[in-house]
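Everything below concerns the one structure shown next.
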Amino acid sequence: MQLNILKAEFNGAMMRRSSKGKSRIKDFWEEILDAHSQNDFHTLERVEEALDFLEADKIYLSDELVLALCLQKYHFNPFDKKSIYASATFARDTLKDKFGWSEINAEEVRRLIVSTLSLATPHDGQGFHYRLMHDLRLVRLALPWDRFSDNMEMVRKEYTALSDREFVTAQLALFNHFYALVDIYSIHAIRETCNKSARENIERYITSLQIQEARMNDSQTPENFDRNGEIFST
């Protein structure tokens, strides 16, 4: 997938905020691409997919949000939530120290990235771009079923260290959480576009997980598996 939308937003944001020229900004983009290259699922293509699905040209994306989207998985470890903090700190320090962003704007990028640690749907009183950050992460839940299924296969590849039972157990916990939400999305327009399809996909996926679970003969639960880990790692 070509990253036409995200790359254009990145270049625009960096040119507006940065004290560096196009060459250094281009190098930074390549550095970000390289940082995501080892991931099966958590790539910039997933961000592009969400922006394309929502027709991002109709949504205002702040410069801080664009950089948060680009850098939220810069340091990615699916089994360690501290990697989110590492990505957030890297984003703030790099933008401020190497590209001349103001401390306020760079700190806002950090805060947006850290906000992804919560799966709770933001309420209307929270900042628009925090709500949008949340919703963009979960747009993938509303994709057509074949694309949703392809994404789930990529998620599984990122967790090959887990047994099938470990993976299914954690996925069930996560998707039952999503299913229990009254509103999966925070922003009304996105909720209207995505909520119904997302709920249908979630219900279908939970059913498939329950079938897999029923077929498993081994009922032993490994003691060293952290059930609080984000296996979907949105």
For region 46-66, which positions are under 13 Å from the mean Cα position of the chain (by Cα) and either basic (Lys, Arg) or under 14 Å from Ala35 (Cα atoms) (or both)? Arg46
Exactly one of (1) buried (at least 18 other Cβ atoms within 10 Å of the Cβ); (2) over 22 Å from Thr169 (Cβ atoms); (3) among the β-branched types (Val, Ile, Thr) is unmet by Ile202. Its number? (2)
Exactly one condition in (1) farther than 17 Å from Asn11 by Cα; (2) small (Gly, Ala, Ser); (3) modelled with pLDDT under 95; (4) touching a helix residue (DSSP H, G or I) at 6+ places or on another chain (Cβ under 9 Å) is not met by Gly125; state its number. (4)
Looking across region 3-49 at residues that are among the hydroxyl-bearing types (Ser, Thr, Tyr) and not in a helix (DSSP H, G or I), the single one that is nearest to Leu69 (Cα to Cα) is Thr43
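The values are calculated or read from the model by the stated rules, or taken from the named source; none is laboratory data. All figures in this text were calculated on a predicted structure; none of them were measured in a lab. Heads up, the Cβs are rebuilt from the backbone with ideal geometry, glycines too, and the neighbour counts pull from every protein chain shown.
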